[in-house]
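In what follows, a single structure is set out as structure tokens and then discussed.
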Amino acid sequence: MKKQIMILLLAMATILGCSSTPPPVPATDSTTVSPDTVVVPIPPTVSLVDSLLTTLSPDALAGQMIVVYRVENDFLLRNHFGGVLLFKSMLKDPDQLKADMAALQADAPLGYFVCLDQEGGSVSRLDAIPGWEGGTPGAVDMATWPVDSVQAEGRRIGLALADLGVNLNLAPVLDRAQAWDGSQGWMGRRRRAFGSSDDEILPPARAFSMGCREAGVACLAKHFPGYDVAENSDLEPARSGADSAAIMNGVSRFAAAADVVSGVMMSSIIYPPLGEEPAVLNPRVVGLARLASPGGLVMTDDLWGTALRAWQRPDLQILPTEYPEEDWAALVERALFAGNDLLLVTYPAKAVRMRKVLVKLMAEDPQARQRVVEAVRRILEVKARMELLDTP
């Protein structure tokens, strides 16, 4: 694995235009977390995914790329969406949620990613469920535990998520506690980071992911290539001062966890050595994510977030439910051509508009259709590994 990551780092050095020697590959604790406990899914047959791709309408292709805030099942199915995001308030009646998610999966031949942010600590959605009111340990807590205890906690969390019908945990956080300049970063302030170095972050993050996977729940690591600013990048455009070598170090950290997660969620921070676009809209940064997680999914954070819309239109006052349609379409197009697979939006009405934008782009531009098909191929391959697809 270290050899593969070193090759990756050399490729990244070329992309970044960085002539310095790549940083050493971070060590992972391979002795205390037994590989025998990991269930490695069998890759799907190419013919199954290829066959499905030939049957999908433009609406269905576009819909597969969209993960939307959970609303009624009929709306989700009618729009062919590929995934739903659950919020804490939706877990207050777990029995009803389980029934709804089971019905949704039964009615969807391509299955649904059912997503939840369950990092623990300050980002713990399970607290809404009776019996879990005391919260769950966060990264700062788990960082002090033996890795086998972290893996057991990941398994406990995964079993609880799976019981609700959740199959994709938007965790763990692989970001450092420090900002790029050494000050306390946003993830450190929120106690969401496992530590400050790769050796502090990777062993517990890997163990937590492995525990979730043992319970049948996949994980997406975040926020690629590393959340390294002090401000909340959801609320305002944020710029990192990291140089190319520091960015490469963050990318290598995600690469070192790629074998235990199913992909990454992108950051919305701007990294000037790679361009002036937010990472999630920057083809160079998304390209690095693709290198770091080959075969994995690349997912946006919420595209309706205030900061992204403000970056697109810095002259506007950004309102919760209003935004020019042409600018929303341009933002969706940027996210598509940046190379993302899954486009997340928390505003259901705008998810419908997003699907229509993607369909229109496919009709007008062969490159857009190719980009959508590439993304949906990866989505279906992951869904096949998770046994979400109806098979003959």
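The numbers here are math on the coordinates, done by the rules we state, and not lab data. Because the structure is a prediction, the values reported are computed rather than measured. Glycine also receives a Cβ, built like all others from the backbone with ideal geometry; neighbour counts cover every protein chain displayed.
Results, tabulated for the structure shown:
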{"read-out": "Burial ordering of Asp117, Asp365, Asp175, fewest other beta-carbon atoms within 10 Å first", "value": "Asp365, Asp117, Asp175"}
{"read-out": "Relative contact order of the range 63-190, defined on C-alpha pairs under 8 angstrom at six or more residues apart (%)", "value": "22"}
{"read-out": "Kyte-Doolittle mean at least 1.0 and Cα axial length at least 18 Å: DSSP H helices in the chain", "value": "2-16"}
{"read-out": "Three principal axis lengths of the range 67-136 [C-alpha, angstrom, descending]", "value": "37, 21, 15"}
{"read-out": "Rg to Rh, two decimals, where the range 176-295 supplies the alpha carbon set and Rh follows Kirkwood", "value": "0.95"}
{"read-out": "Mean-position separation - Cα centroids, the range 353-392 and the range 203-250, in angstrom", "value": "25"}
{"read-out": "Dipole magnitude of the range 182-246, debye to nearest 20 (Cβ charges: Lys/Arg +1, Asp/Glu -1, about Cα centre)", "value": "240"}
{"read-out": "Positive minus negative residues near Gln312 (Lys, Arg vs Asp, Glu; Cβ under 13 Å)", "value": "-4"}
{"read-out": "Among Ala238, Ser196, Leu336 the positive-end extreme of the charge dipole of the chain (Cβ point charges)", "value": "Leu336"}
{"read-out": "Coarse-grained scattering of the range 225-338 at q = 0.09, 0.12, 0.16, 0.18 Å⁻¹, given as base-10 log I(q)/I(0) from a Debye sum over alpha-carbon atoms", "value": "-0.23, -0.41, -0.72, -0.89"}
{"read-out": "The chain - mean residue ellipticity at 222 nm from DSSP helices (-39,500 (n - 2.57) per run, n ≥ 4, rounded to 500)", "value": "-13500 deg cm²/dmol"}
{"read-out": "Amide proton proximity set for Phe224, modelled H, under 5 Å, gap of 5+", "value": "Met265, Met266, Ser267"}
{"read-out": "Highest to lowest packing among 310-318, 97-105, 148-156, scored as the average C-beta count within 10 Å", "value": "148-156, 97-105, 310-318"}
{"read-out": "Largest-first principal axis extents, alpha carbons of the chain, Å", "value": "46, 46, 43"}
{"read-out": "Residue-wise HN-Hα coupling along the range 307-321, computed from phi with Karplus coefficients 6.51, -1.76, 1.60 (Hz; x: Gly, Pro)", "value": "5, 5, 5, 5, 5, 5, 9, x, 7, 9, 7, 8, 10, x, 10"}
{"read-out": "Relative contact order of the chain, defined on C-alpha pairs under 8 angstrom at six or more residues apart (%)", "value": "19"}
{"read-out": "Within the chain, percent of DSSP bridges classed antiparallel, to nearest 5", "value": "15"}
{"read-out": "Lys, Arg +1 and Asp, Glu -1 on Cβ, resulting dipole of the chain about Cα centre, debye, nearest 20", "value": "420"}
{"read-out": "Furthest towards positive pole of dipole, Cys212, Ser267, Val251, structure part the chain, Cβ charges", "value": "Val251"}
{"read-out": "The range 154-287: relative contact order as a whole-number percent, Cα under 8 Å and 6+ apart", "value": "26"}
